[in-house]
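S.K.: Take this structure, written in structure tokens, and hold onto it; I'll ask about it next.
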Amino acid sequence: MAERIHPGDSPPSSGEHSNSKPAPPSSDKPIPQPGTYVVQIPKDQVYRVPPPDNSRRYAHLSKSKSSRSTCCRCCCCLLTTILSLLLAAAIAAAVIYFVLKPEAPNYSVESVAIKGFNLTSPSPLSPEFDVTVRADNGNDKIGIYYKKGSSVNVYYQDINLCNGALPVFYQPTNNVTLFKTALKGSGIELTAASLRSISNDQNKGTVPFTLKLRAPVKIKAGSVKTWKITVKVTCKITVDKLTASSKIVSKDCDYGVDLW
């Protein structure tokens, strides 16, 4: 076998020769250089205690992963809660609908008495409309409270001629109520084109107006009252003349609701 030189050993003298030939180098294990040591340590012991830098990095990554996991769990819980609430609200709305069977009230304009239209005077107009509105509540289990803060406006084209408000009252179930409201305007100045247009309409016996009604209401079902809901009614009406004895030639009303 080949001699291995260790630190501290004196090299062989030149006169000493070995009769054996040096062994060929191994193909699978490297031969250490003279004056070095080969230390073999099990692999599991090498990675058992990481260096300080790697230890801090490992702790940071572990903490970040835990934070992300907690955040994901919170988001999942919140989403589940929201979906559960929406499902419960949908079920409650369906139960209320099938139990109460609500129907939208019907609104229409029954009559209009007009005063204050002097189309031959250059002075501003002070029109007055006495409007009778018909409200039909056909629900068997729902009453309607009409609250303060309503508004009724009458327009010719885009010109606001007069305004007023509805009375405050309660409409019980299966009830038809006719209520009159006085609408007044002052200082209304029409352009020459608008004066010619409304005069021509009156000569033809078809003067178109638009009535817009907005009323805050509360719905009563048994002993339960809802929050305030805004009823919106827009009626397009046509009268034959601009006098107190005017008659409605045609009318068409649309109904809508703002729940919030």
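S.K.: Past 30 Å, Cα to Cα: identify those pairs from Lys225/Lys247; Lys141/Lys232; Lys115/Lys147; Lys212/Lys247; Lys180/Lys220; Lys184/Lys225, in the order given.
M.R.: Pairs exceeding 30 Å: Lys225/Lys247; Lys184/Lys225.
S.K.: Given a 1.4 Å probe and every protein chain left where it sits, what share in percent of the accessible area of the stretch 106-258 is carbon and sulfur?
M.R.: C and S atoms contribute 48 percent here.
S.K.: Given an 8 Å cut-off on Cα distances and at least 6 residues of separation, report the relative contact order of the stretch 106-258 as a percent.
M.R.: 27
S.K.: Using θ = phi - 60° and the Karplus relation 6.51 cos²θ - 1.76 cosθ + 1.60, list the HN-Hα couplings for the stretch 197-214 in order, rounded to whole Hz, with x at every Gly or Pro.
M.R.: Karplus values, whole Hz, x for Gly and Pro: 5, 5, 5, 5, 4, 5, 5, 7, x, 9, 9, x, 9, 10, 9, 10, 10, 10.
S.K.: Continuing with this model, one more query. Determine the per residue accessible area of the stretch 106-258 with all protein chains present and a 1.4 angstrom probe, expressed in square angstrom.
M.R.: Computed with neighbouring chains in place, this is 51 Å² per residue.
S.K.: Show me 74-83, 144-153 ranked by packing, highest mean number of other Cβ atoms within 10 Å first.
M.R.: 144-153, 74-83
S.K.: In addition: Starting from the 7 Å offset along Cα-to-Cβ, what nm value, one decimal, do you get for the label separation of Glu103 and Leu83?
M.R.: Between Glu103 and Leu83, the simple spin-label model gives 4.0 nm.
S.K.: Order 216-225, 126-135, 235-244 from most to least packed using the mean count of other Cβ atoms within 10 Å.
M.R.: My ranking of the peptides, most packed first, is 126-135, 235-244, 216-225.
S.K.: Hey, another quick one. Between Lys247 and Ala192, what FRET efficiency comes out of the Förster formula 1/(1 + (r/R0)^6) with R0 = 45 Å and r the beta carbon distance, rounded to 0.05?
M.R.: 0.95
S.K.: Could I ask something else about it? Taking 7 Å along the Cα-to-C-beta vector as the label spot, tell me the Trp227-Asn160 distance in nanometres, rounded to one decimal.
M.R.: 2.6
S.K.: Could you order the peptides 175-184, 205-214, 162-171 from most to least packed, using the average number of other C-beta atoms within 10 Å per residue?
M.R.: So the order, starting with the most tightly packed, is 205-214, 162-171, 175-184.
The values are calculated or read from the model by the stated rules, or taken from the named source; none is laboratory data. The model shown is predicted, which means the values in this text are computed figures rather than measured ones. Note: ideal-geometry Cβ built from the backbone for every residue, glycine included; neighbour counts use all protein chains shown. When the accessible area is computed, the model is the full protein with side chains, heavy atoms only, and any ligands, DNA or RNA have been set aside. Shrake-Rupley method; radii C 1.70, N 1.55, O 1.52, S 1.80 Å.
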